[in-house]
Structure formats: structure tokens, C-alpha cells
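Visitor: Encoded as C-alpha cells, here's the structure I'll be asking about.
The values are calculated or read from the model by the stated rules, or taken from the named source; none is laboratory data. None of these values were measured; they are calculated from a predicted model. When the accessible area is computed, the model is the full protein with side chains, heavy atoms only, and any ligands, DNA or RNA have been set aside. Shrake-Rupley method; radii C 1.70, N 1.55, O 1.52, S 1.80 Å.
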Amino acid sequence: MKKVLFSIAIIVVVATMVSCGGKTAKGGDNDSTALADSAVTTASTELWTEEAVETQIRKMYDRLNDMDKNGVINITTLEDEFCSSYYLDLRNAIRKAVENATGDDQMFFGDEEGYRFLAGMPTPLAIEQIKVDLLTGDMAQAQVRFKGADEENGFMRLELDLENGAWRVKNFDQPEAFGPGGVLKMMEDFAREHGIN
């Protein structure tokens, strides 16, 4: 009988804790909940660093160089892996409109395929320096200096958004190649001119 009463008492205590949102009788957080929240906060804090931005940019160019070593640089795959949802949604809307255009409505988007990643240089690209200019909230801006396979120096300015636990490129900006505002502005202007949502 004592065992039954003891079991019922444990069930009542557990049920009470659950119904109170995992709080103990003293009003403190449940230890496992507090640890989980702490781990999430720590992971988030680690992402909001210049080092995290640099690491993601290096990862992107390592992937590009790896593709180059294996024979084919697939720009669409690179974009899908490393670009922001805003960039990808805009890219997809433009591609769909261009593919569906017929007759007098034909459209041609003028961005050179791949230029935005390659900075106009032959691969492989070696990163000489990354300088994070701005890091605020979920947005970052960074300057990247490269050396190409022919030893030529190159430069790219990137804007990144923090999404789903990683920094993702929202804009590639190289004024001499893309004009003021970079690739994103070219895409937005094109979409606006052609009524693409």
C-alpha cells in the first residue's frame, strides 16, 4: 500500500511541475530547460561575431574552389547553399518570368553567369583578406580581397543576413562590374521594370 501511495505522490508532483511550465516549487527554472536555453543563447552569440561571418565566407569560397577542382562550378548550387532567402526568392521569380516570356514580352536578365562569385578572375580564388565592416543584429557587410589563379588581385563587397543558424549572402557588390548597389539592386530594378513580384 505504501508503494502505491508513494507512486501516486510522484505522479502528482510530476503532473504539477508539468502544468506549471517546468517550474520548481521554489520558482526556479527547470534545470534541463535552463541548460537548453543557455546552449541556444551561446550558439546564437557565437554567430554574432566577425569570426562567424569570416568563417562562412571562407566556407563559400572553399566550396567554389572544390567545384573548380572537380571540373564544374555550378553557380545555382552555390547560390542555393550560401545565399539568403530574399536573394533566392528574387532570383527564382526573375528566372520564372524570363523562362515564361514569349514574343514581344521576351526578357533577358543581364547579369553574367558566375561573375558575382568569381569577381571577374580565373579560379582557384585565394582569399587574401576579409574585413567585416558592419555587424549589427542579423545583418553584416564585409569586404573580401582575392588573388586569382593568374595572380591578379580582386575585390568584392558582400552583404549578409543571418538565417537559420548561418550567414547567407544577400548582395554581391563590385561597383566596376555591377554599378552602384550591386547584383541585388540590378535584380530589384529588373523585377520592378518588368512587374515581377
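Visitor: Decide, for segment 109-197, between rounded, prolate and oblate: order the square roots of the alpha carbon gyration tensor eigenvalues as a ≥ b ≥ c, take rounded if a/c falls under 1.5, and otherwise choose prolate if a/b is larger than b/c, else oblate.
Guide: oblate
Visitor: Given H placed on each backbone N at 1.01 Å, which residues far from LYS170 in sequence or on other chains put an amide H within less than 5 Å of it?
Guide: Placed amide hydrogens put SER84, GLU159, LEU160, ASP161 under 5 Å from LYS170.
Visitor: Then there's this: Note down the relative contact order for segment 50-197 as a percent, whole number, built from C-alpha pairs under 8 angstrom at least six residues apart.
Guide: That works out to 23 percent.
Visitor: If the chain between SER85 and MET139 were fully stretched, how many nm would it gain, using 0.36 nm times the residue separation less the Cα-Cα distance?
Guide: 18.1 nm
Visitor: Additional query: With both bridge residues required to lie in segment 69-197, what share of the DSSP beta bridges run antiparallel, to the nearest 5%?
Guide: 95 percent
Visitor: For segment 130-197, with every protein chain kept in place, what is the accessible area per residue (1.4 Å probe, Å²)?
Guide: So segment 130-197 comes to 49 Å² accessible per residue, rounded to a whole number.
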